[in-house]
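For reference, the structure is listed below as structure tokens.
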Amino acid sequence: MLVDFEVVERARAGDPAAFNEVVTAYRRRIFGTVSRLIGRPEDVEDVAQEVFLRLYYSLDQLRSPEVFEPWLYRLTVNAALDYLRKRRKRRLESRVSDLSEQAVMLADASAGTKVQVDDLHRAKVREFVDSLLSEVSEEDRALLTLKEVEGLSLKDLEKVYHVNENALKVRLFRARQRVLKAYESSRGAKGMERKEKSADSGS
């Protein structure tokens, strides 16, 4: 816990100073989690603000300060999932925007320095991971992010998802299989593209 249970209890009871203390303590963690869940830095602040808004209006529903952190993770995941569902409806526009961002990064890299090339490489890695996660459901993306990136244990995830450990293991296994399938499909598509280009150049 980043704050004492007593602070959470006071915030739950409506103490504005205690609520501000909770927000200040968890601000960086929420921003980081949201960033990894949605994969679009320009929208992180908006989604994080939505988390804080939901926290403000629903904190009185918290059963006990002892379960505050998993409850806050659930709140954060729900806000991120809502965002991802809306983004999926605008997928075509997002892809056009992503292509524009790639063009800018490529232009910067061609200008020159090793730092720019390294930044481009990292951006492409992030883009590749995001592209794989975009091929699975929002729920799979959230679960894998919390487990593999945020480092939550199965015990932590039990509290977030309100399901037992065995059920979580099954969900994680299936989510990983779907990501693996997306990766293999991606490799297959790229292989076909290379063959077609090779055939065109040889003709």
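The values are calculated or read from the model by the stated rules, or taken from the named source; none is laboratory data. Because the structure is a prediction, the values reported are computed rather than measured. Note: ideal-geometry Cβ built from the backbone for every residue, glycine included; neighbour counts use all protein chains shown.
A residue that is at pLDDT 60 or above and over 21 Å from residue 52 (Cβ atoms) cannot be found anywhere in region 67-83. Taking the criterion of being surrounded by fewer than 13 Cβ atoms within 10 Å (Cβ to Cβ) and modelled with pLDDT under 90, the residues of region 27-59 that qualify are 41, 42.
Can you pull out the residues in region 7-26 that are part of a helix (DSSP H, G or I) and without any contact (Cβ under 8 Å) to a residue 12 or more places away in the chain? Before the answer, list the steps.
We begin by selecting, within region 7-26, every residue part of a helix (DSSP H, G or I); these are 7-12, 16-26.
Within region 7-26, 10, 16, 17, 18, 20, 24 meet the criteria.
Restricted to region 179-194, and to residues that are of a type outside the set (A, V, I, L, M, F, W, C) and at pLDDT 80 or above, which residue is nearest to residue 138 (Cα to Cα)? Let's see the steps before the verdict.
If we filter region 179-194 for residues that are of a type outside the set (A, V, I, L, M, F, W, C), which is where we start, we get 181, 183-188, 190-191, 193-194.
With the extra rule that they be at pLDDT 80 or above, the set shrinks to 181, 184.
Values: 181: 16, 184: 20 Å.
Once the filter is applied, the top-ranked residue is 181.
Only residues that are over 14 Å from the mean Cα position of the chain (by Cα) and surrounded by fewer than 18 Cβ atoms within 10 Å (Cβ to Cβ): list them for region 70-87, please. Once the filter is applied, which keeps residues that are over 14 Å from the mean Cα position of the chain (by Cα) and surrounded by fewer than 18 Cβ atoms within 10 Å (Cβ to Cβ), region 70-87 yields only 86.
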